[in-house]
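One structure below.
The values are calculated or read from the model by the stated rules, or taken from the named source; none is laboratory data. This is a predicted model, so every value here is computed, not measured. Cβ atoms come from the backbone with ideal geometry, glycine included; neighbour counts cover every protein chain shown. Keep in mind that these areas ignore ligands, DNA and RNA; they rest on the heavy atoms of the full protein, side chains included. Shrake-Rupley method; radii C 1.70, N 1.55, O 1.52, S 1.80 Å.
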Amino acid sequence: MMMMMRGWRIASSSVSSCSSCVFGVVQLLELGNPKSSISHLNDFYALNKIYSPNSYFSTAHSKKSKAYLFKHIDDALALFNRMIHTHPPSSIVEFSKLLAAIVRMKHYETAISLLRKMEFLGIHHDVYTLNIMLNCFCRLHQVDFGFSRWGKMLKLGIQPTLVTFSTLINGLCIRGKIAQAVNLLEDMVEEGYQPDLITYTTIVNGLCKIGDTTRAISLLKIMGERGCTPDIITYSTIIDSLCKDNHVAEALKLFSEIRVDALCKQGRILDAQDIVERMVQLGIEPDIVTYNSLMDGYCLQGQIVKARTVLNSLTNKGLALDVFCYSVIINGYCKAKMMDEAVELFHGMIRNGITSNVVIYSTLISGMSQAGRLATAQELFDEIWACGLVPDLITYSVLLHGLCKHGRIHEAIRLFRANAEQWVRT
């Protein structure tokens, strides 16, 4: 997937501090002190300002390319003037890096002026510089101009990237046009683009700002179904809104989900299991998201049998299994090289009327490829198209890797050439 225009960066020390605040809020909520918990949550948000979607916006062509840094805007302007007078002219990559530096300095109008000057001088834009222009318009609350430039991009035959859509969605949210942002999100999914965590969290933040916390929570489930796991910032945005609306029980439930997920990722599966049991004792029934985290934790520890036991117990608890539940266990089977079990569960999912997604297919294709069962992997790849789904970059990558690993280079080259255009879009 193309580089991300907005890079959320957070120092490890801040992560530790944020985690302490999160657990502090949980304890206050459990003690029945919602007012103190909200105050504690405000401290959490003060620590998280550097992690907001508006803090950093990276638009370099490559993460490996050295970024420009300037103390004063005049230094950036002087470099721009040198670049436009060099012979031969500087590459569009260098212009993109320079403009990205100016945007990081929040000189949005200056960046737009320089972009227009480039056009006047006959320097042709690419998708990166046009994305920068879109971002500047959105930052200046001129999202309509951003959409106008998007239209020009299409007329020029320049294929939008995920960054293009994410930028426009952010611009709509800045203007408070949340309904339009949600519509654009669905449009990009229909066009075959896969929204990432930043895109979803931008809309979650917008929904919470207008008080539509219910829809924000619904979006969490949609994220999971599409293979995009919410992080602590996504959760904390909703929790803040719930606390302000005095929905303390719901806030506690979400915090517990965060704790279970974090402990499972740390390999502390017993501690995570204890929290689930304590939730039940407090009269808070864990939802499907919490159990998914628990199953994933078991899989990470190689305890796939226990993970499957949890999955089998969910229907008895009155919980409806979704595609993400199956995805967790199927991934666990593939990692354990238990491909027959993975396929059996996959077919069981289909029989239960649950539609698969690209994430599950990619997981199965990867597992089959690593096991040397390339014929089955290619059958699964063809099945994706038959189901009306569109393979993403990960799907292609795992199949290409499998073909190359087992010496079928010519087939890999044919696959690459046949689908190169699709990869540009993803």
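Given segment 139-263, what whole percent of its Cα pairs are spread farther than 20 Å?
Summing the P(r) of segment 139-263 above 20 Å gives 46 percent of all pairs.
Averaged over all directions, how much area does the convex hull of the C-alpha atoms of segment 322-426 cover when projected, in nm²? Working shown, then result.
Details: hull surface 25.2 nm².
Dividing the Cα hull surface by four gives the mean projection, 6.3 nm².
What FRET efficiency comes out for residue 214 versus residue 87 if R0 is 56 angstrom and r is the Cβ-Cβ distance? Round to the nearest 0.05. Walk me through the intermediate numbers first.
On the way: r = 60 Å, r/R0 = 1.08.
Efficiency computed from Cβ-Cβ geometry: 0.40.
Which FRET efficiency value, to the nearest 0.05, do you get for residue 401 and residue 303 by plugging their Cβ-Cβ distance into 1/(1 + (r/R0)^6) with R0 = 35 Å? Before the final figure, lay out each step's value.
On the way: r = 27 Å, r/R0 = 0.78.
After rounding, the FRET efficiency stands at 0.80.
Over segment 204-248, give the accessible area per residue in Å² for a 1.4 Å probe, as an integer. The partial results should precede the final answer.
Working: 1900 Å² over 45 residues.
Each residue of segment 204-248 exposes 42 Å² on average to a 1.4 Å probe.
Can you pull the one-decimal nm distance between simple spin-label points at residue 179 and residue 154, each 7 Å off the Cα toward Cβ?
Once both label points are built, they end up 2.1 nm from each other.
Within segment 323-426, what whole-number % of the accessible surface is contributed by carbon and sulfur, with the 1.4 Å probe and all protein chains included in the calculation?
Working: 2900 of 5140 Å².
The computed percentage sits at 56.
Taking a cut-off of 12 Å between Cα atoms, list the aspartates and glutamates near residue 177, but don't count ones fewer than 8 places away on the same chain.
Within reach: 144.
For segment 192-231, take N as its residue count and report Rg(C-alpha) divided by 2.2 N^0.38 Å. Before the final figure, lay out each step's value.
Details: Rg = 9.8 Å, N = 40, 2.2 N^0.38 = 8.9 Å.
The value comes to 1.09.
Students often get this wrong, so check it: of 152/209; 155/209; 97/221; 221/244, which have C-alpha atoms separated by over 26 Å?
On the way: 152/209 32 Å; 155/209 35 Å; 97/221 37 Å; 221/244 22 Å.
Violating the 26 Å limit, Cα to Cα: 152/209; 155/209; 97/221.
Charges on Cβ only, +1 for Lys and Arg, -1 for Asp and Glu, centred on the Cα centroid of segment 306-421; of 310, 352, 369, which one is farthest towards the dipole's positive end?
Checking the options against the dipole of segment 306-421, the answer is 310.
Any idea what % of Cα-Cα pairs in segment 286-325 are farther than 16 Å? All intermediate terms of the calculation are to be shown ahead of the outcome.
Details: 184 of 780 pairs.
The answer is 24 percent, as a whole percent.
Quick one: accessible surface of residue 85, probe radius 1.4 Å, all protein chains present, in square angstrom to the nearest 10.
That residue has around 130 Å² of solvent-accessible surface.
Take the alpha-carbon positions of segment 110-152, form their convex hull, and give its projected area averaged over all directions (one quarter of the hull surface) in nm². Can you show the working numbers first?
On the way: hull surface 10.9 nm².
So the mean shadow area of the Cα hull is 2.7 nm².
Quick one, can you get me the convex hull of the C-alpha atoms of segment 257-367 expressed as volume per residue in Å³?
Working: hull volume 10.3 nm³, N = 111.
In segment 257-367, the Cα convex hull volume per residue is 93 Å³.
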